[in-house]
Structure formats: structure tokens, C-alpha cells
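J.: Take this structure, written in C-alpha cells, and hold onto it; I'll ask about it next.
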Amino acid sequence: MSKFYAQGSGSESSGSSSEDDDNEAPVPSKPIPAGKQTVYISDDDEEDSGKRVVRSAKEKRYEEMLGHVKKIKNFKKNNDMSNILDCFEDLIKAHQKALPVIVKEENGSTPLFYLKTLGQMENYVNQQWENKKNMSKINSKCLATLRQKLRKYNKDFEEELLKYRDNPELLDDDDDDLEEKQEARDESGSESEGEKKEKKLKKPSTKKPKDDNESDDSIDWGSDSDESSSSSDEDYADIRSKFLKKTTDKDDAKEKKKADRDKRMQRKKLAKDDDLDDGEGWSVVTGGAQVERPKMFPKDSEINTPAVIKKLAEITAIRGKKGTDRREQIDLLNELETIASAHALGPAVQVKIGFAIVAALFDYSLKVHELQKVQYWIKLIDKINELLNLAIAHKDMKIDENVPEDSEEMEKSPYRVRSCLMTVFERMDEEFLKVLKELDSHSFEYVERVQDERRICEMLERLLTYIISNHLAEDKGIMCRAYYKKIEHMYYKFDVRVLKKKRGEYNGETSVDEMQRLAGYIYAFDTTDRLRTRSILCHIYHHALHDNWFEARDLILMSHLQEVIQHSDPTTQIMYNRAMVQLGICAFRHESVLDSHNCLADLMMSGRVKELLAQGLMPQHRHDRSPEQEKIERSRQVPFHMQLSLDVIECVYLVSAMLIEVPYIAEHEFDAKRRPISKTFYHQLRTLEKQSLTGPAESMREHVVASARHMKKGDWRKCYNALVNEKMDRKVWHYFAIYEYTKDEKQFGVKEMLRRKIREESLRTYLFTYSNVYDSVSIPRLAEMYEMEFQQVHSVVAKMIINQELAASMDEPTKTVVLHRTEPTRLQCMLLQLSDKVNILRETSDRTFETKLQGGPGTMGPGSKGRQFNRMDWKNRRPNQPRGDHHNRGDRDHNRGGDRDHNRGDRNRGDREHNNRDRENQREVVAH
């Protein structure tokens, strides 16, 4: 240990000090605070070299963390997930070790390079997660573990990482800047204690400078000489300065780098400042080919319409080029618009620049699936609204896409501008749907964006007014496009006035009348099949939504869309599926159970209801599509406020299938050729019947299946209570509450319809199941059991007799149904089935036994000798047997075996015919 650090005791120095030392107060040695500086001193040989490194605990911990960061970057190049996971865990441990230093010296603020590393790791993991299928099993497993740990760990730094997520360009700096930024932050934050003490203690020295040849060994801390004993504060400062960190060329280079870095940050700040008015200044240097920013008008230059149009052409010329800053281009166009407004160059110039600004806002999100930022979306709506105001206010200005560029007139009236407001509005509507699809449907932001639809509809009304007032309605194509956009925004919305008009409570125009007018114009004047087809589908959907069953049914039957829809684009097919679902639900409300089942059967039997309705992707089908296909499928999704309830669709389908399938099963109970009408419902019913212990119904499917089991027994009350109860009301039936109304003290609605249908189908099922038990059934008794009127029961039974479903006749005087027992009873049917199965089993066993007797391949039974001998090779024949005898014997054996087989086959055929006759005689006896 050096004697300099042992001075605090004062025991050794007191014995060897001179008289001069007694007159001076000794300089006390201050202990170095823990956690502030940890001094690493090498051996005496290193002290002679004059280079002594003093490192704080913070530097040591940060160096360890930076080492792990560097390893992670190296492993990223090879996509070595296992090593990246290990290094990430080591980095977390190193950060935990450095926490005491961070709390004391950094006031608890996380180092910038550490936050940046976490942000880069998050982006890297998300990128690799999309290509997970192409990874090996080990890398895939490590990636999943790393993703889980990183998400959990980053929750502690959510607020600090937010700026990196909002500005991804902060994560694109070079790797070397990490250490430089952190070092600059450390150096600029505070001076070390050693530098402060050095400034306080360092004074001009009066000692003679030491020669170069003189070594440091001449300094003896414990010497008794006068030179050593006359140590003062100056000597102490000179000696102590040897152990402090010295300024070298490397430090000067760091200071220079720090100054350059500050300049770069200032440039970025100036470039990102949205309130910067002049076009000159610092600009952000991005990757790719650099495009020079166009300069605005020089001083004292004349600003007129040709100059502004020329400048507009220069700005728009760089549109779409690589390296173009899209935000800067928007700022330049806004500045140009301000200059044109200040010099009053006319409305045509403002409209021309406005269309350029709208195009730049559209280009801000170049990717198809990229979400438009909220601030730019609001600017886009405001700018299009402003263009509409200018177009409506100046009727002497013609805005049309058919105007040639050479014939544009910007300076005097009448103005002519080449552009199309309808195309801009259609693009804005697409962006609106994209914004809604990408947002979380349960977030407050989604609710705010949905409210923008009111503004869009108002803009559409004003656009139609402008088209009609400027004689653009002569172009039937533009009018059809505008009418279709209006149809798209109203076809899925429910209008209460329609139901009030049916009840006689309203006499004005409703949305159904307006839809008929708009769709009729498209049917008459549209020249493209796509708009006409989509208009028909929207019209069908709107009719079905407002309970106009017969109008919707006739429209889809006359259009023959079901025959050609498979040749349409996917978006049109999605609209067709939505229209068919709404049509099936409407048929269910009108008691057309069979039509409702037919409308929903194809969709429900596919097992991909969510995908076919564009309301989500099924996870079990994810392996069938690539990431690109999945992105395309997600882009076709319907916004949340336009989606249909999947529970309602499935419940309507299952209830319709129950009302059809259960009577059919009871009628053909012993028919072996019976085929289920609805395979989905039949599978659910058979699955529940196979369960040994059945608990109370929980899900919607279980309620429907439990209701079907009660219907099979003819118990309509339990069937209705299992289907219509408080739990099912909350899940399904409350969606139909708006269609319920009362008239002449009679209630009309879905629940009342279900009560009627369940009673009728339960009655039919009861007659099919127990007809062999009764000789005659009283119709008033049936009406009392099922709480139906006598005429209704009479009608149901008579219809069954006419359709030859029930072998019976009506006895009008006694009001009874006389059953004819032409068919076997239940026990007789079971006996016949058992007899058939026994005969089939006997025939199978006979054939098996005959095969063993005759000898098959590899056996040595009778009849197999000739076949085996014919398969013998010449080498296997007996040596003394002539060649001709060999063939003759094989032929004789073969003929003998064939004769035996033929005779045995005749005997078996005779036995089977005899057995068939016996079975027929048995059936006749049983029947009598």
C-alpha cells in the first residue's frame, strides 16, 4: 500500500519529521466516498510509467452494460436467438447492479443508451416474430421466451420508451453513437470530485522544475531529509495531481465530438420545427439519393400566377422520389399557399395548390396497410372541406378531370382547373375505413373517429349539390359513383321511421324510399356491373334490416346473383355473404324457417363464418396463408360498428335447423337411408346424447340442443323454456326487441313466433313418435295439450295426412284422428333391424370360413395345390418327371380345384336363396 494513503495515522511521520514540520499544520487525508470513486492502482512499476487510471463506479458499471449491448448487436447479425437471450439477461443483471450508482448520480434517470437498446430490441423482436415460421425450432423457442421477457421488462420503462415509439428515427443512429452520447451526457452532467479538488488545490509552484533524466524514485515519502520534511500544501497538491486523471489528446477529441454532436441535434431540432417559416435552414439527412429542397422566391422578385404555378410544379416534381421528406413537402406547399393567398392570386390558384396538398397528405402514408396519423387525417378532412367551399362559392370555376392541362385557366374568369373532387372524396373515404380498421374497436379514439362519418356524409351532400349545380350531372358515371357512396354510408343503418310508417305512425320519407331512389338511378344508368351488383346487395341488406322480407327475397331472386357471385371480387363476395345473413334473419322473423335455414346453411357449414363475413381471422386456419395474404385479409375487414353478431347468426341457424330436423328424425327414425338436413345441428345433438352425464345448459348451443331433446319427447313447454329464458334474452333475443309491437291486443315478435312454431313442430313430433301406440286421438285433447286452437290442430293434422306423412284419417263427427297401423310397431321395427344385422353377420362368417377351406395365398388347403404348382420354377420340379407330364398334372389339378369351387359356389347360392325365403316368411308372420 502506498504511504500517501497511510498519512492519516500520523504515527510514522511524527518520528521522522523535522522542526519545520512542527510549525505547519498537517494536511488531513480525506477518505474517498464509497460509490463515488474507486481508484485502481497498479504495482510500483506502473507508477513509474506516469499513467494512472482513475475510474468511478459509474464508469465501470456502464462499461459492463455497453459490453453486453455490443454482444447483442453482433448476435443480431447472425440472428442467434439463444445468445441474444443470454446477453439480454446479463444486460438486465448489469443494469440492476448499476442501479445504486444511477440513483445517486443520475437522480434515478435511466441511461439513454439503455433505453435505446430496449427500443431496438423491441423492434427487432417484432420483426423476427413475423418470420418465425422460417426459423429453426431452437431459435423459435428462444424468440418466444425473449419476446415474453422483453414485454414484461419494458412495462417498467413504458413512459420513457414512448418517445422512441413515436419517433422511430431515434433508433436508427450508428452503433458508435451509443457510447459517444452516453460519455457526452456524463461529461456535461457534472465534473468529477477530483477535478474540483484539483482546481482548489492547484497553485503556482515555486519549485525548480525537475529534469527529464530524474526519475520519480527520488521522491521518498518516509525520508528524514530536509527536502522531504518541508512538505507543504503545494507539495501535497503536486503529488496528488499525479494520481488524477490527466487530460490527453483523446479527451480533446471527445470534446470535439461533443461539440459536433450538439450541432447535429440543433440541426434536427430546427428541421423538425413545424413553425419554421423560411425555407432555408438545416435539413434532416435521410438515406438514399438526396434531393435538394426547392427554394422559395428570392427577395424583391415578382410573385404572380405563372411564378406560383411554376414553383408548384417544382415542388410536386420531387413527389415520390427516393429520399424525399414528405413532411417537408407538405410544409412547402402550405407556405406556397400562404404566399398565394397573401398576394390574392385568385381562387383557381388556391384550388390547384389545395389539390397538391391533399395529394401530399395522401402520400404521407405510402404503405397500403399503414395507418394515417390523426393530425394528418384531421388536416385532410379540413383541406377537402375547404376545397368544396371554394368550388361551391365560385360558380364560374370548372373543376373537371377532362380539362386538358394546356387549357387550364388560372388568372381570369371563367376558371378551369384539371382535377376531380369525386376521386379525392373516394380516396378520403378509403382512408377513413382504413383508420377505423386499424384502431382498437374498444378504445376512446375509435369512438372519436367514428364521429367523423357525420362530417363525411355532410361533405358528400354538398358534393352532390355542386355536381348538380355545375351541370356535371350529365356525366352519368360521376352521378352513379356519388350515389353509390351515399348508399354505402346508409345501407347498414337502421331507421326507426320505417317501422313507424308500417304501424301508421309516420307519413314522411324514410331511408327505404331514399335507398330505392338512389339504387334505381344506378340500375338504370350504370354501365359497370360492379356498381350495379354492389348496389343490389346493399338494397337487399337494407330491406332485410327493416323487416321487408318479400321485397328483399324478390330482389335477390330476380337478380340471379347466387349464380354469378363466385366470379366477383372478394369485397363483393363479402357483401353478398352479409346480405344473405341479414336475409336469413329476416326470414326467421317472418316464420319462414326453411328459407332462413337455406340462407344460412352454406355459410354455417363452412366453419369460417368470421372470415367469410370479414369480421376476423380464424386462428386454426392461420397456417393456410402467408403473412402477405394475412395482411390482405385484414385490410378487407369490416369496421366494428358495421359488424353482425355471430351469436345471433348461429342461434337463428340452429333454431331453424331444430324446427326442421327434429320432426324429420321422428318421422324416419328407423330409415337406414335417412340423411341429416343440417349436419352441424345433427352433430351437436348426437354429441350431447352420447354424454353419460348432462349438466345444465351454459352456452347458447347447449340451450338449443337441450330444447331439441325436449321437442323429441313432444314436451313443448320445456322446449320453449330452455330456448327463451333470461340468459338467452341477454345473449340473443334482445337484438329482436325493436321489431316487437302490439296490434289489436295481440303481440307480434320473435318470442311469440317461437312459441307458435315450437307448439306446431312439437305436435308433429308427438304424432310421429307415438302414432303406433294409439288407435285414435282426440283433436280437442291435442288442442288442450299444446294450448292451440281447434282449427290450428285440425289444420296441422290434415296437412300431415295430405302429404302422406301420417297414415290416418279424420273422423269429423267425433273430432278424432283414426290411425292406420299399416306400418310395423316400434318393437317390430327393432326386431327386423336385429334380424337384418344377424343375417349380415352370418354371411360374413360363412365367407370367411369358405376362404379358409379353399385356401388363400400362402395356405396349403384344398384347391391350392394346382395354383402353387403352376407358380413353381423349372428349377424346383422333380428331376425324373418329364416336361409334358409336369404341365398335364398341373392342368388336371387346376381343373379339379375349379370344379370343386364351382360346385361349392352353387351350393352356397342355393343356401342364400333359401335363407332369403325364410326371412320373408318370418316378416309375413310377424306382420300378421
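The values are calculated or read from the model by the stated rules, or taken from the named source; none is laboratory data. Values in this document were obtained by computation on a predicted structure and should not be read as measured data. For neighbour counting, all protein chains shown are included, and Cβ atoms are generated from backbone atoms with ideal geometry for every residue, glycine included.
J.: Examine region 585-606 for a residue that is modelled with pLDDT of 90 or more, charged (D, E, K, R) and in contact with a Phe, Trp or Tyr (Cβ under 8 Å, 6 or more places away or on another chain), and state whether such a residue exists.
T.: yes
J.: Okay, next question. Specify the residue that is surrounded by the most Cβ atoms within 10 Å (Cβ to Cβ); the eligible residues are those in region 142-165 that are in contact (Cβ under 8 Å) with a residue 40 or more places away in the chain and not hydrophobic (A, V, I, L, M, F, W, C).
T.: Within region 142-165, the match that is surrounded by the most Cβ atoms within 10 Å (Cβ to Cβ) is Tyr164.
J.: If I ask for residues that are without any contact (Cβ under 8 Å) to a residue 40 or more places away in the chain, hydroxyl-bearing (Ser, Thr, Tyr) and assigned to a loop (DSSP other than H, G, I, E, B), which ones from region 661-711 would you list?
T.: If the condition is that a residue be without any contact (Cβ under 8 Å) to a residue 40 or more places away in the chain, hydroxyl-bearing (Ser, Thr, Tyr) and assigned to a loop (DSSP other than H, G, I, E, B), then Ser692, Thr694, Ser699 are the ones that fit.
J.: Among the residues of region 645-654, is there at least one that is of a type outside the set (A, V, I, L, M, F, W, C) and without any contact (Cβ under 8 Å) to a residue 40 or more places away in the chain?
T.: no
J.: While we're looking at this one, here's another question. Show the residue pairs meeting these rules: Cβ distance below 9 Å; 6+ apart or different chains; first residue within region 800-813 and farther than 16 Å from Ser778 by Cα; second residue surrounded by 10 or more Cβ atoms within 10 Å (Cβ to Cβ).
T.: From residues that are farther than 16 Å from Ser778 by Cα, the pairs are Glu805/Pro663; Glu805/Glu667; Glu805/Arg764; Glu805/Leu767; Glu805/Phe768; Glu805/Lys799.
J.: Is it the case, given these coordinates, that Ile378 is touching a residue at least 24 places away in the same chain (Cβ under 8 Å), outside any loop (DSSP other than H, G, I, E, B) and in the same structural domain as Leu345 (by TED's automatic domain parsing)?
T.: no
J.: Still on this structure: Is it true that some residue in region 671-680 is among the hydroxyl-bearing types (Ser, Thr, Tyr) and more than 20 Å from Cys651 (Cα to Cα)?
T.: So far as region 671-680 goes, no, none of its residues is among the hydroxyl-bearing types (Ser, Thr, Tyr) and more than 20 Å from Cys651 (Cα to Cα).
J.: So, of the residues in region 670-707 that are among the small types (Gly, Ala, Ser) and crowded, with 17+ Cβ neighbours inside 10 Å, which turns out to be farthest from Arg730 (Cα to Cα)?
T.: Ser678
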